[in-house]
Amino acid sequence: MSVAVITGGSKGLGLAFAAGLAERGWDLVIGARDREVLAEAAGELSEYGTRVVAVAGDVGDDTHRSRLVAAARRLGGVDLLVSNASALGAEPLVRLDELTLDGLRSALETNVVAALGLVQEALPLLRSAGAGAVIAVSSDAAVGAYPTWGGYGASKAALDQLSAVLAAEEPGLRVWAVDPGDMRTALYAAAVPGDEEARPAPSQVVPAFLRLLDERPASGRYTAAALAGETR
C-alpha cells in the first residue's frame, strides 16, 4: 500500500488532496498545528477505509518532522511527501516597507527551511520506495511580482529553487513544485481579508495533482491549470 505524508493536512488543499489519495487507497500521515481540527480531518479520511495517522505539531519543529516520518515508517515507508503547510509572514499581507523581518523569517522558516528539513528526514525512505515523489506546493507569487506578496512570494521562489536542486541531486525521485492557482482557502482569506472574488475550492484542483501521480512527468515546476489542460 502506498503511503503519503502531507503537512498542513487538516484543511484546505492538504485535506482535499489527502481525500483524493484516500479514495485511491493510499495510507496517510497528516500533520497540522490544531490538534482538534486535525483529529476531525483524520476521522473524515478514515471513512475511506484507509489507515490514517494524525500527528499534531508545527512543521518548523524538528521533533514534529521526525514524528511524521516515523509514523510513515510504521505504515510501510514514504512513497509521497507533500510540503503543503505554509506561512504568509503577515496577516493580512503588507508591502515590503511594512513587512517585519521576523515576519519574513517566519515565512522562510515554514515554507523553505521546514520543507527541506522534512525532505532530509524522509529521504532514505523516499529513495527505498523505488518511485518516491516529492510535491512542494508553490504559488504564482513565486514568479510574479504582486504588491504585498513579496515576503510570501520570496519564500515560495526559494522553495521552487530548492525543489529544482533536489531533483538534480536525486534523479531517482520525482520532485514537482506545483502552483495550484488561486483557491478558496483560509490562508487566502487571511492574506486578503474581504476579497469577494469567486475562487475555486481546493477539491477542484486535486485532479491536477493526481494527474502527476498517474503520469509521473519529469521533475520540474508545474501549474495546476496546465496539468488540467486549461489555457488560462
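Overview of results
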item: Pairs where the first residue, in the stretch 96-114, is closer than 17 Å to S138 by Cβ and the second is hydroxyl-bearing (S, T, Y) and modelled with pLDDT of 95 or more, C-beta under 7 Å, 6+ apart; result: A107/Y152; A107/S155; L108/S155; T110/S86; N111/S86; N111/S155; V112/S155
item: From V94, V52, V37, V69, residue being in contact with a strand residue (DSSP E or B) (Cβ under 6 Å, 6 or more places away or on another chain), of a type in the set (A, V, I, L, M) and modelled with pLDDT of 95 or more; result: V52
item: Evaluation of L166 against (1) at positive phi; (2) touching a strand residue (DSSP E or B) at 6+ places or on another chain (Cβ under 8 Å) (one fails), failing number; result: (1)
item: Qualifying residue in the stretch 177-190 (condition: in contact (Cβ under 8 Å) with a residue 24 or more places away in the chain and over 18 Å from the mean Cα position of the chain (by Cα)); result: no
item: Test set (1) among the polar types (S, T, N, Q); (2) surrounded by fewer than 22 Cβ atoms within 10 Å (Cβ to Cβ); (3) out of contact with any Gly (no Cβ under 8 Å at 6 or more places or on another chain) - S128 fails condition number; result: (3)
item: Residues (without any contact (Cβ under 8 Å) to a residue 24 or more places away in the chain and either buried (at least 21 other Cβ atoms within 10 Å of the Cβ) or part of a loop (DSSP other than H, G, I, E, B) (or both)) located in the stretch 144-163; result: G144, A145, Y146, G153
item: Only listed residue being in a helix (DSSP H, G or I) and acidic (D, E), chosen from E109, E91; result: E109
item: Unmet requirement for R184, which otherwise passes all of (1) over 22 Å from L15 (Cβ atoms); (2) at pLDDT below 95; (3) not hydroxyl-bearing (S, T, Y); result: (1)
item: Residues located in the stretch 1-20, provided they are buried (at least 16 other Cβ atoms within 10 Å of the Cβ), more than 17 Å from D58 (Cα to Cα) and touching a residue at least 40 places away in the same chain (Cβ under 8 Å); result: S2, V3, A4, L13, A16, F17, A19, G20
item: Residues of the stretch 205-223 classified as out of contact with any Lys or Arg (no Cβ under 9 Å at 6 or more places or on another chain) and surrounded by 15 or more Cβ atoms within 10 Å (Cβ to Cβ), total; result: 8
item: Considering residues of the stretch 191-216 that are outside any helix (DSSP H, G or I) and either among the polar types (S, T, N, Q) or in contact (Cβ under 8 Å) with a residue 24 or more places away in the chain (or both) only, the residue farthest from Y152 (Cα to Cα); result: R216
item: Answer residue from the stretch 94-106, given it is assigned to a helix (DSSP H, G or I) and touching a helix residue (DSSP H, G or I) at 6+ places or on another chain (Cβ under 7 Å) and is farthest from A177 (Cα to Cα) among those; result: G103
item: Candidates R221, R184 - the one that is part of a loop (DSSP other than H, G, I, E, B) and of a type in the set (K, R); result: R184
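The values are calculated or read from the model by the stated rules, or taken from the named source; none is laboratory data. Since the structure is predicted, the reported quantities are computational estimates derived from the model, not experimental observations. Here the Cβ is made from the backbone with ideal geometry for all residues, glycine too, and neighbour counts use every protein chain on show.
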